[in-house]
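Scroll down for the structure; my scribbles are underneath it.
The values are calculated or read from the model by the stated rules, or taken from the named source; none is laboratory data. Here the structure is a predicted model, which is why all the values come from computation and not from measurement. Here the Cβ is made from the backbone with ideal geometry for all residues, glycine too, and neighbour counts use every protein chain on show.
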Amino acid sequence: MPLQPPKNLRDLLDRAAISDLVHAYAHGIDRRDWALYRSIFADRVDIDFFTWAGIREVFDADAWTAAVKGTLAPFDATQHTMSNLAITLDGDAATCIAHMTARHVLGAEAQTLGGYYTNRFARTADGWKIVGCTLMITWEEGDRALFERASALGPRARVDVGLQGA
């Protein structure tokens, strides 16, 4: 994908808004701020997590948020980092490829994923929203069964985020 330099101030503002959404994705999960996480999506979102979880479907954003919460809230900690954002603007649509690392900690165990997200965005009356999210896993370390062990514990409060973790 060739780099697309900003043409004007609006392009710069759009890129900043999209970058903020990409980082809010990680921040919402890791701080267990589910309202923030939900706010980055359009009401319907096309999810393709096939390389990780075999999921390829259009979700109601509330249902997607609940699914992510149910999967990740049981962990003692998570850390999702996004880097190397490549944003392409096309009027009221945009695409951002962001490299990612996601670490999931339960007790003394950890499972880490690496790869990239390809997010599609639409400009709405409420600003930019994610309308499509594809996760491509390119490497992982640790035991995937850690997700099952965490899930068996159910959502729990955490010292740093209180009951938001639940």
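Just a few scattered comments:
- Members of the range 87-109 that are closer than 17 Å to HIS27 by Cα and surrounded by fewer than 17 Cβ atoms within 10 Å (Cβ to Cβ): HIS99, THR101
- Qualifying positions in the range 112-129 - within 13 Å of ILE87 (Cβ to Cβ) and of a type in the set (A, V, I, L, M, F, W, C): PHE121, TRP128
- Among the residues of the range 7-19, the ones that are under 30 Å from VAL159 (Cβ atoms) and surrounded by fewer than 14 Cβ atoms within 10 Å (Cβ to Cβ) come to 0 in all.
- Single match in HIS99, HIS23, HIS27 (criterion: in contact with a helix residue (DSSP H, G or I) (Cβ under 7 Å, 6 or more places away or on another chain) and without any contact (Cβ under 8 Å) to a residue 60 or more places away in the chain): HIS27
- Selection count where residues are outside any strand (DSSP E or B) and either surrounded by fewer than 17 Cβ atoms within 10 Å (Cβ to Cβ) or small (Gly, Ala, Ser) (or both), scope the range 110-146: 6
- Only one entry in VAL58, VAL45, VAL22 is crowded, with 18+ Cβ neighbours inside 10 Å, at pLDDT 90 or above and in a strand (DSSP E or B), namely VAL45.
- Residue in the range 79-99 that is among the hydroxyl-bearing types (Ser, Thr, Tyr) and touching a Gly at 6+ places or on another chain (Cβ under 8 Å) present: no
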